[in-house]
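The values are calculated or read from the model by the stated rules, or taken from the named source; none is laboratory data. Keep in mind that what you see is a predicted model, and the values were worked out from it rather than measured. Note that we place each Cβ from the backbone using ideal geometry, even for glycine, and neighbour counts take in every protein chain shown.
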Amino acid sequence: MNRGVPISATMTLLVPFRIVKRGGRKEMQMPDRVLQERTPDNTLVKALARAFRWKNMLESGEYATIAELAEREGIALSYLTRVLRLTLLAPDIVETILDGQPGSEVTLARVLEPFPLEWKQQSGRLNRA
């Protein structure tokens, strides 16, 4: 294998960004002028999928109670009920989560906290920084 001629000039590339904590993990945040790729938060998407799957299992009669479902899934009843509440989120919030819109302040920790049932109030509360 021939390595060729080494390049004598050095190039420096500056990438402005900052590290922020988001949902218990560190994330690289680019300046506003940089167009960011939309990447959904996999943890949030997974929680939403579980919530709607569990809701369908309950509504179809596959499981008679939430306690029975929690036992079958091998998870704590309190966790199942918190995640199951995600089915009550406003459609625009669910869309924001699935679309991975940059700058969204919606995290798993925030959506698992108690939230209002009215969709207009949810959007205002969950999108606050």
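ARG82 - would you say it is closer than 21 Å to GLY24 by Cβ, surrounded by fewer than 18 Cβ atoms within 10 Å (Cβ to Cβ) and of a type in the set (D, E, K, R)?
Against the criterion (closer than 21 Å to GLY24 by Cβ, surrounded by fewer than 18 Cβ atoms within 10 Å (Cβ to Cβ) and of a type in the set (D, E, K, R)), ARG82 qualifies.
Which one of these is out of contact with any helix residue (DSSP H, G or I) (no Cβ under 9 Å at 6 or more places or on another chain), at pLDDT 85 or above and outside any loop (DSSP other than H, G, I, E, B): ARG85, ARG53? Steps first, answer last, please.
Numbers: ARG85 fails: out of contact with any helix residue (DSSP H, G or I) (no Cβ under 9 Å at 6 or more places or on another chain).
Result: ARG53 is the single residue among ARG85, ARG53 that is out of contact with any helix residue (DSSP H, G or I) (no Cβ under 9 Å at 6 or more places or on another chain), at pLDDT 85 or above and outside any loop (DSSP other than H, G, I, E, B).
Suppose we filter VAL111, VAL94, VAL106 for residues that are β-branched (Val, Ile, Thr), outside any helix (DSSP H, G or I), surrounded by 13 or more Cβ atoms within 10 Å (Cβ to Cβ) and in contact (Cβ under 8 Å) with a residue 40 or more places away in the chain; which single one remains?
After ruling out the rest, the residue left standing is VAL106.
So that you can scan it fast, the table gives a plain yes or no per residue for (1) at pLDDT below 90; (2) out of contact with any Leu (no Cβ under 7 Å at 6 or more places or on another chain); (3) closer than 24 Å to GLN122 by Cβ; (4) of a type in the set (A, V, I, L, M):
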residue	(1), (2), (3), (4)
LEU14	yes, yes, no, yes
PHE17	yes, yes, no, no
ASN42	yes, yes, yes, no
TYR63	no, no, no, no
GLU68	no, yes, no, no
LEU98	yes, yes, yes, yes
VAL106	yes, no, yes, yes
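Given GLU73, GLU27, which one is at pLDDT 85 or above and more than 18 Å from SER123 (Cα to Cα)?
The unique qualifying residue is GLU73.
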